[in-house]
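Everything on this sheet refers to the single structure shown next.
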Amino acid sequence: MEKILNKIIDNNRYLIKEGAVADYIPALLKANPNHIGICVMDVDGNIYKAGDYTEKFTIQSISKVMSLMLALIDNGEDQVFKKIDYEPTEEPFNTLFKLDFPHTIKPSNPMINSGAIVTTSLIKGEGEERFNRLLTLIRTVTENPNISYNEEVYLSEKETGNKNRAMAYLMKSRGFIEGDVEDILDTYFKQCSIEVTAVDIARIGLFIANRCKLSKGDRICDNKTASILTAIMATCGMYNFSGEYASTVGIPSKSGVGGGILGTIPYKMGIGVFSPALDQYGNSIAGYGIMADLSKELNLNIF
Ligand code: DON
């Protein structure tokens, strides 16, 4: 299996030149575009790794899966989806304009930035407590107690995240979010700067594939939560590329501008891929190629 993974990495390495590392968050420019790694974990306990799977990168939008998990644990499906819709959008991840349409009452889905900011606002706790609860959940699910956040990326994002700030204040003025806006944004910026490896995100994928059970069998959330997370990833996880991705890869996935892609195959497997050069949608360009090849090679397309 590791031979297959190495071959897939080598076959997709050329794509790195066709993408670019995210530059709208200045600290992300420091990422090494040549890093490329993968980890695959199946429900039988097998773990396969190749390439730069020990390299850390910031989780970025992959954190939206975990904040949604916690918001669902805290509030239940009905309350969460009163505030955020379930629907994919053809707009990019940082879209803002529809939030000001007179008929808009909530962001389209929890995977775009506006929806994710609402999701974060729904996590119970005041100030630091929200972030600490989310970090604890991520450490539990990844079974890695050493996970923390990157202070430099957090501060860089806090300083330059004006569009996210605009969205949050607009949503506050329209009554889509409650609570202290700066507090919510602070948690959002910090959650995006949590550092993980391909192994950590593969473990999140495996946890969801195992219907929210840890490797020793403890259940953290219910089966319904696993279904919601998987469905939202499959329909919205790769932004306005989600339809083509579902058709060409067929693995419910979530990307982040740090270069990670988390994949989950119900009852079967978790996948973590990392390569920081991105395509026009903000998805890892080589990561997409790797997921497509892996899907073909191992017959993983769930559709
Ligand atoms: O809010 C932002 O713009 C980033 N912290 C996260 C965006 C992101 O990861 C989009 N992903 N492809």
Single match in 215, 242 (criterion: within 16 Å of the ligand (Cβ to nearest atom) and among the polar types (S, T, N, Q)): 242
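List the helices (runs of 4 or more DSSP H) that sit entirely inside the stretch 168-280 and contain at least 1 residues that are touching a Lys or Arg at 6+ places or on another chain (Cβ under 8 Å). Working first, answer last.
Details: elements: 181-192, 198-209, 223-236, 242-248.
The helices (runs of 4 or more DSSP H) meeting that bar are 181-192, 198-209, 223-236.
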Residue within the stretch 267-284 that is away from the ligand (no atom under 16 Å from the Cβ), over 24 Å from residue 147 (Cα atoms) and touching a Ser or Thr at 6+ places or on another chain (Cβ under 9 Å) present: no
Selection count where residues are surrounded by fewer than 24 Cβ atoms within 10 Å (Cβ to Cβ) and either free of Cβ contacts under 8 Å to residues at least 40 places away in the same chain or assigned by TED's automatic domain parsing to the domain that holds residue 281 (or both), scope the stretch 62-86: 5
Selection count where residues are of a type in the set (A, V, I, L, M) and not in a helix (DSSP H, G or I), scope the stretch 59-77: 1
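The values are calculated or read from the model by the stated rules, or taken from the named source; none is laboratory data. Since this is a predicted model, take the numbers as computed values, not measurements. A quick note on method: Cβ atoms are made from the backbone with ideal geometry, for glycine too, and the neighbour counts reach across all protein chains shown.
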